[in-house]
């Protein structure tokens, strides 16, 4: 008697997408390169970027996030803050924060990043360099050093 019709009920709470799921981009500062676009040259932007098309050259996307979607085909070296790969990449990947390879990812090249996440099923051919940890160097304080027998 007092029930709301089905179309008026609140929709279930949205959960964040996991690796490999399609998601609708809702951020206003995101550029999308569509699946029919082919770009050759140096690509850089001051906003997050989603690539669904074909890119050849270099991608310098410092301090921003870069996603190569399932339809994305990249033949370039990539440098970005965070890199998520769902499509194909042929080139080196530099991620300042992390690099994530989804189940559908195919990567031929080296990865340089402090953090790596690779889903089961991702294909990768190359090497991974997670950097060298900072070595703690302690200067010896001569006033604390005691000579035995002095």
Unmet requirement for residue 105, which otherwise passes all of (1) in contact with a strand residue (DSSP E or B) (Cβ under 6 Å, 6 or more places away or on another chain); (2) surrounded by fewer than 20 Cβ atoms within 10 Å (Cβ to Cβ); (3) more than 21 Å from residue 42 (Cα to Cα): (2)
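Listed here are the residues, each with its yes/no results for (1) more than 15 Å from the chain's Cα centre (by Cα); (2) at pLDDT 95 or above; (3) in a strand (DSSP E or B); (4) farther than 19 Å from residue 105 by Cβ.
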| position | (1), (2), (3), (4) |
| --- | --- |
| 24 | yes, no, no, yes |
| 31 | yes, no, yes, yes |
| 56 | yes, yes, yes, no |
| 63 | no, no, yes, yes |
| 84 | no, yes, yes, no |
| 89 | no, yes, yes, no |
Of all residues making up the stretch 45-56, the number that are exposed (fewer than 15 other Cβ atoms within 10 Å of the Cβ) and farther than 18 Å from residue 84 by Cβ: 1
Some residue of the stretch 70-78 being within 20 Å of residue 29 (Cα to Cα), crowded, with 20+ Cβ neighbours inside 10 Å and at pLDDT below 95: no
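The values are calculated or read from the model by the stated rules, or taken from the named source; none is laboratory data. These numbers come from a predicted model, not from an experiment. Positions of Cβ are backbone-derived with ideal geometry, glycine not excepted, and every protein chain shown enters the neighbour counts.
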